[in-house]
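The values are calculated or read from the model by the stated rules, or taken from the named source; none is laboratory data. These figures come from a predicted structure and were not determined experimentally. No Cβ is skipped: glycine too gets one built from the backbone with ideal geometry, and neighbour counts run over all protein chains shown.
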């Protein structure tokens, strides 16, 4: 009987933890990167217009993300986290990711930095921030895809520690370009403490 009661309690714990409000927390803050100050905050629905403009500016031939897609992403605060960077109240960069709890993977879906602000460490900073969020929530890995032709992005991800896991053929809708599948394994809090 005790065995059944323990099993029942485990099921109840799982149900309550699954349905409780477990939005991914993020505190807005000011950050300094190479002597320049930026505001880093969680994206909200009113930011979508600026995010779309930046997306079109950075990825001119990709129209796969529209207002509806962004809105669905931003409203799902339990498993999605989108961060934006502003300077002088202008949106200059953003990153978005899905926290896939079952497989303990954070999948980065978007990284965009305004062309006038590229090569200033902002993309790297945003990716490292997402890695920190993954570690804080005890996830095991991060994953992303990048265009085969985007060698610059592949180099950036490699310097951070992402490994090339192979190609995804005809991945991009806009031109059927192949994607490089990249993954970063991260140590759990327990592994870090035991070292």
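Output the residue which, of all residues in the stretch 83-111 that are surrounded by fewer than 22 Cβ atoms within 10 Å (Cβ to Cβ) and under 12 Å from the mean Cα position of the chain (by Cα), is nearest to residue 26 (Cα to Cα).
Once the filter is applied, the top-ranked residue is 83.
Identify, please: which residue in the stretch 147-160 is within 20 Å of residue 98 (Cβ to Cβ) and modelled with pLDDT of 95 or more and is, among those, surrounded by the fewest Cβ atoms within 10 Å (Cβ to Cβ)? If you could, list the steps in order and put the result at the bottom.
Applying the first criterion (within 20 Å of residue 98 (Cβ to Cβ)) to the stretch 147-160 yields 147, 153, 157, 160.
If we keep only those that are modelled with pLDDT of 95 or more too, we end up with 157, 160.
Details: 157: 25, 160: 15.
Looking at residues that are within 20 Å of residue 98 (Cβ to Cβ) and modelled with pLDDT of 95 or more, I get 160.
Only residues that are within 27 Å of residue 24 (Cβ to Cβ) and surrounded by fewer than 16 Cβ atoms within 10 Å (Cβ to Cβ): list them for the stretch 161-176, please.
Scanning the stretch 161-176 gives 161, 163, 165, 168.
Just checking, how many residues over the stretch 77-110 are closer than 15 Å to residue 122 by Cα and modelled with pLDDT under 95?
Qualifying residue count, the stretch 77-110: 1.
In this structure, is residue 126 within 25 Å of residue 183 (Cβ to Cβ) and either part of a helix (DSSP H, G or I) or touching a residue at least 24 places away in the same chain (Cβ under 8 Å) (or both)?
Answer is yes for this residue.
For the stretch 31-44, name all the residues that are more than 19 Å from the chain's Cα centre (by Cα), without any contact (Cβ under 8 Å) to a residue 60 or more places away in the chain and in a strand (DSSP E or B). Before you say what the answer is, go through the steps one by one.
First, the residues of the stretch 31-44 that are more than 19 Å from the chain's Cα centre (by Cα): 32-37.
The next check asks that each one be without any contact (Cβ under 8 Å) to a residue 60 or more places away in the chain; those that pass are 32, 35, 37.
Within the stretch 31-44, 32, 37 qualify.
For the stretch 68-79, name all the residues that are over 25 Å from residue 150 (Cα atoms) and in contact with a helix residue (DSSP H, G or I) (Cβ under 9 Å, 6 or more places away or on another chain). Full working, then the answer.
Within the stretch 68-79, the first condition is being over 25 Å from residue 150 (Cα atoms), and the residues that meet it are 68, 71-72, 74-79.
Passing the criteria: 71, 74, 75.
Hey, any hits in the stretch 175-194 for a residue that's part of a loop (DSSP other than H, G, I, E, B), over 24 Å from residue 43 (Cα atoms), at pLDDT 95 or above and in contact with a helix residue (DSSP H, G or I) (Cβ under 9 Å, 6 or more places away or on another chain)? Spell out the reasoning first.
Of all residues in the stretch 175-194, those part of a loop (DSSP other than H, G, I, E, B) come to 175-178, 186-188.
Of the ones still in play, those that are also over 24 Å from residue 43 (Cα atoms) are 175-178, 186-188.
Those left that are additionally at pLDDT 95 or above: none.
No.
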